[in-house]
Amino acid sequence: MSILINEKTKVIIQGITGREGRSRSKLMVEYGTNVIGGVTPGKGGQEVNDVPVFDTVQEIVDKFNGVDASAIFVPAPLVKDAAIEAIVAGVKLILIVPDRVPVNDVLDIAAYAKEYGANFIGPNTLGILSVDKAVMGMIGGKAKSAKEWFKRGNVGVTSRSGGITSAMSYYLGQNGIGLTTIVHVGGDSVIGLPHNEIVKLFQKDPETKAIVMFGEIGSSQEENVAELISSGEVTKPVIAYIGGKGAKSGTRFSHAGAIVEGNKGTYEGKVKALKEAGAHVVDSFLDIPKVVKEILSTLR
């Protein structure tokens, strides 16, 4: 199985006729994602990478009897309208790729998502890849690379860094470790589904046997994962690496969501909470494959 998306998920791309939309739709289609349509107001009737373009989300919903997920590739100031259009039309999973989306816009999106029973990933995300099934966003860059780098297995990956999402998944694959789903939760200060929500989804997935998490300073996502482990809600092994060890208070590490404020979101606090909960915290990024292999060997 997988989480969030699979080969049957009916996916649309909002902003498909733009530069990013054209490029990423090629990856998604060639990887095998079930992309049923794209949306750009005023450009309905066109095609992009063999994907039909419509003027509105509702047109695609009506034509295909519903849409499961939408990947948004529009300029940051237009993200709010695009996301709300999809949510109101009944789309239950929204992937918000752009960065620099105004925080108040994200809060409005979150309010609509809650009202309509939808979820969103991002903003500022590379996306989601369910190995051998579907990709939304830009993980892997090209379909050929994604198929070569990421092999099917039983390890789930959740990450707060776009670059590390791909690198960590690549190194796991190079060490013979197969994956179920790869998720970049997003790098902004306010996001949709954080680590703890993704970890809960992996816990429910029967194919996922272990969870690899790349955490960072800032926010309380990793501490929340620790609470899930301590409470027994998450029983699968969690292998974690926390970035930003040398960062001081007020320092931004990589992106907007990774910043320490006072004593909150510190490297030391995250590592302590995870270790005390029973997670396997590694000191070196390159130790992740070795530790994962050791843990998987005990589960067989």
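Bear in mind that the values in this text are calculations on the coordinates, not laboratory data. Bear in mind the structure is a predicted one, so any value in this text is a computation, not a measurement. Every residue, glycine among them, receives a Cβ derived from its backbone with ideal geometry; neighbour counts consider all protein chains shown.
Taking +1 at the Cβ of each Lys and Arg and -1 at the Cβ of each Asp and Glu, which of THR9, GLN58, ALA83 sits farthest along the dipole of the chain towards its positive end, judged by Cα position relative to the Cα centre?
Checking the options against the dipole of the chain, the answer is THR9.
What relative contact order, as a whole-number percentage, does segment 150-299 give when Cα pairs under 8 Å and 6 or more residues apart are counted?
On the way: 288 pairs, mean separation 35.7, N = 150.
24 percent.
Rg to Rh ratio, segment 1-141, alpha-carbon atoms and Kirkwood radius? Please list the in-between numbers first.
Details: Rg = 13.4 Å, Rh = 14.5 Å.
Ratio of gyration radius to Kirkwood radius: 0.92.
Can you tell me which of 10-16, 47-53, 26-32 comes out highest on packing, and rank the rest after it, using the mean Cβ neighbours within 10 Å? Display every interim value, and only then the final one.
Values: 10-16: 26.7, 47-53: 16.7, 26-32: 19.9.
Output ranking for 10-16, 47-53, 26-32: 10-16, 26-32, 47-53.
Is there a quick way to get the dipole size of segment 1-116? I mean about its Cα centre, with the Cβ of Lys and Arg at +1 and of Asp and Glu at -1; what is the value in debye to the nearest 20?
Values: 12 positive and 15 negative charges, 42 e Å.
Dipole size: approximately 200 debye.
Per residue of the chain, what 222 nm ellipticity follows from adding -39500 (n - 2.57) for every DSSP H run with n ≥ 4, rounded to the nearest 500? Intermediate values should be presented prior to the final figure.
Numbers: 10 runs with 112 residues, N = 300.
It comes out at -11500 deg cm²/dmol, rounded to the nearest 500.
Of all DSSP beta bridges in segment 150-299, what percent run antiparallel (nearest 5)?
Details: 2 of 20 bridges.
Roughly 10 percent of the beta bridges in segment 150-299 run antiparallel, per DSSP.
Where does the charge balance sit around ALA273 when Lys and Arg score +1, Asp and Glu -1, over other residues with C-beta under 11 Å from its C-beta? Provide the component values of the computation, followed by the final result.
On the way: positive: LYS270, LYS272, LYS275; negative: GLU222, GLU223, GLU227, GLU268, GLU276.
Around ALA273, the surrounding residues sum to -2.
Mind pulling the angle between the C-alpha long axis of helix 19-31 and the longest principal axis of the chain? Nearest 10 degrees, somewhere in 0 to 90.
Once rounded, one gets 70 degrees.
Would you mind telling me the antiparallel percentage of the DSSP bridges in segment 11-121, rounded to 5?
Values: 2 of 19 bridges.
Here the share of antiparallel DSSP bridges comes out near 10 percent.
Over the chain, what is the percentage of antiparallel beta bridges among all DSSP beta bridges, to the nearest 5? Numbers along the way, then the final one.
On the way: 11 of 46 bridges.
Among the beta bridges of the chain, antiparallel pairing accounts for roughly 25 percent.
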